[in-house]
Amino acid sequence: MTLLGHALGQVLDSYRTCEFATLGKGGAPAAWPTAVERRDDGTILLTTSLAFAQKALNIRRDGRVALLFSDPTGSGLRSAPQISVTGRARCPDLVMAGPQGAEEYWRRLFQRQPHSRSYLSRPMRPLMSWYYLRLLITVEPQEVLTRPALDELPAAGAPVHTPGGRPLPGAAQLASLPTAVLACRDAAGAPLLARTRPLPTPEGYLVEVPGDCPVEPGPASLLVHRHDEHLNHMYNALVRGDLRPTADGWVLVPARVIEPMGSGGPKDALRVLRQAKRATDRYLARRGLERPKVEWDRFRSLAERS
């Protein structure tokens, strides 16, 4: 039985990406953007490459997850409601080298992200084979909530600075976009997600938390990400820190910034490719597995039909 009605399910399907939060080894929540497929049985499918398998490793340790559909770029919808989903996920340690079991997911990705079809060309295959070695993650929703559209978020106040003070970690990254996604925890330690407008203060970033988000103090993070109408020109950064209650509200005290893709320039692209190949090899080696052969013809057939 699905928790999403027909109309809300169609809105969810229109979103090109969502924010997906898992719990790290120490219980700290972290979110990253991803694409998903809603299935007829009410579950939600997403995938992760072996190069970025941390989500899968986190799920195998603690299956509690959260998803937030909050950035409607490319959806064609105006004032689309945000959709918050919390539930449990599973991720078998089965490396998929073809689209079997996720055909609709890949077909939709090739359709919505046209530039990804170029990865299938013969000249690109040696560089991009890691991209097609995937782990499948299935989420069983347990609670679904709706929130006001992104353009209805409360406006942030004016930044408060200390004379002569140093910029907060993540200041440049958070200033690049008007909103960010807060990943935090509830009283049971489960992840929660909420989009907010961070306000810099001398102590950290003041964040507005929705009333339906029962946040607790502890490790937290702020995610910023963007993409264009065709899921191109992507950028994401994560500001990790500690969420604390203050007289003015909840404040995230930042500690470090993670930019997995860097600025997106040529040097960063080469660095990411090298790191992705090494991370893929490391995942396979630790499990004593040979690198599977990517089923290029199956992927190409789906791309052509999309």
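The values are calculated or read from the model by the stated rules, or taken from the named source; none is laboratory data. Quick caveat: nothing in here was measured; it's all calculated off a predicted structure. All Cβ positions, glycine included, derive from the backbone under ideal geometry; neighbour counts span all protein chains shown. Side chains included, ligands, DNA and RNA excluded: accessible areas come from the protein's heavy atoms. Shrake-Rupley method; radii C 1.70, N 1.55, O 1.52, S 1.80 Å.
For segment 213-306, which GluC sites (Glu not before Pro) are both in a DSSP coil and crowded by at most 15 other Cβ atoms within 10 Å?
229, 290, 295
What's the extension gain from residue 226 to residue 100 if we count 0.36 nm per residue and subtract their Cα-Cα distance?
The residue 226-residue 100 span can extend by a further 42.4 nm.
What nm value, rounded to one decimal, do you get for the distance between residue 177 and residue 300 when each label is placed 7 Å out toward the C-beta?
Those two pseudo-labels are separated by 3.5 nm.
Near residue 142, within a Cβ-to-Cβ distance under 10 Å, what is the net charge of the other residues, with Lys and Arg +1 and Asp and Glu -1? Mind dumping the intermediate values first?
Numbers: positive: 64, 88; negative: 140, 143.
So the surrounding residues net to 0.
Name the most mobile residue of 277, 25, 267, meaning the one with the largest mean-square fluctuation, in a Gaussian network model of the chain with Cα contacts below 10 Å.
Among 277, 25, 267, the largest mean-square fluctuation in the Gaussian network model of the chain belongs to 267.
Tally Lys and Arg at +1 and Asp and Glu at -1 over the other residues with C-beta under 11 Å from the C-beta of residue 254: what net charge comes out?
0
Between residue 143 and residue 209, what FRET efficiency follows from the Cβ-Cβ distance if R0 is 22 Å, with the result rounded to 0.05?
Result of the calculation: an efficiency of 0.85.
Once the Cα atoms of segment 197-306 are picked out, what are the Rg and Dmax in Å?
Computed over the Cα atoms of segment 197-306, radius of gyration and Dmax are 20.1, 59 Å.
Mind jotting down the distance between the C-alpha centroids of segment 29-86 and segment 98-153, whole Å?
The two parts, judged by their Cα centres, are 10 Å apart.
How high is the relative contact order of the chain, in percent, counting Cα pairs under 8 Å that sit 6 or more residues apart?
Reported as a whole number, the value is 20 percent.
Among all the aspartates and glutamates, which ones have a C-alpha under 16 Å from residue 267's C-alpha, if same-chain residues fewer than 8 places away are not counted?
Cα-Cα hits under 16 Å: 259.
Dividing the alpha-carbon radius of gyration of the chain by 2.2 N^0.38 Å (N being the number of residues), what value is obtained?
Taking the Cα Rg and dividing by 2.2 N^0.38 Å, one obtains 1.00.
Mind checking segment 40-129 for trypsin sites (Lys or Arg not before Pro) that DSSP puts in a loop (not H, G, I, E or B) and that have at most 13 other Cβ atoms within 10 Å?
Within segment 40-129, the qualifying trypsin sites (Lys or Arg not before Pro) (loop, at most 13 other Cβ atoms within 10 Å) are 78.
Between residue 115 and residue 10, what is the spin-label point distance in nm, taking each point 7 Å from the Cα along the Cα→C-beta axis?
Each label point is offset 7 Å from its Cα along the Cβ direction, giving 3.1 nm.
I'd like the Kirkwood hydrodynamic radius of segment 33-79, using the inverse of the mean 1/r over distinct C-alpha pairs, in Å. Before the final figure, lay out the partial values.
Working: mean 1/r = 0.0776 Å⁻¹.
Answer for segment 33-79: a Kirkwood hydrodynamic radius of 12.9 Å.
Counting Lys and Arg as +1 and Asp and Glu as -1, each charge on the Cβ, what is the dipole of the chain about the Cα centre in debye, to the nearest 20?
That gives the chain a dipole magnitude of about 1440 debye.
Reachable lysines from residue 25, Cα under 29 Å, same-chain residues fewer than 8 places away excluded?
List returned: 55, 277.
Keeping the other protein chains in place, figure out the carbon and sulfur percent of the accessible area of segment 171-274, with a 1.4 Å probe.
56
Could you work out Rg/(2.2 N^0.38 Å) for segment 21-163, with Rg from alpha carbons only?
Here the Cα radius of gyration is 1.22 times the empirical estimate.
So with the 1.4 Å probe, I'd like the accessible area per residue for segment 67-147, rounded to whole Å².
42
On the accessible surface of segment 1-160, probed at 1.4 Å, how many percent belong to carbon and sulfur atoms?
Solvent-exposed carbon and sulfur of segment 1-160 make up 54 percent of the total.
So what is the 222 nm mean residue ellipticity for the chain from helices alone, if each DSSP H run of at least 4 adds -39500 (n - 2.57) and you divide by all residues, rounding to the nearest 500 deg cm²/dmol?
Mean residue ellipticity, 222 nm, calculated: -6500 deg cm²/dmol.
Which distance in Å, rounded to a whole number, links the C-alpha centroids of segment 238-276 and segment 188-224?
15
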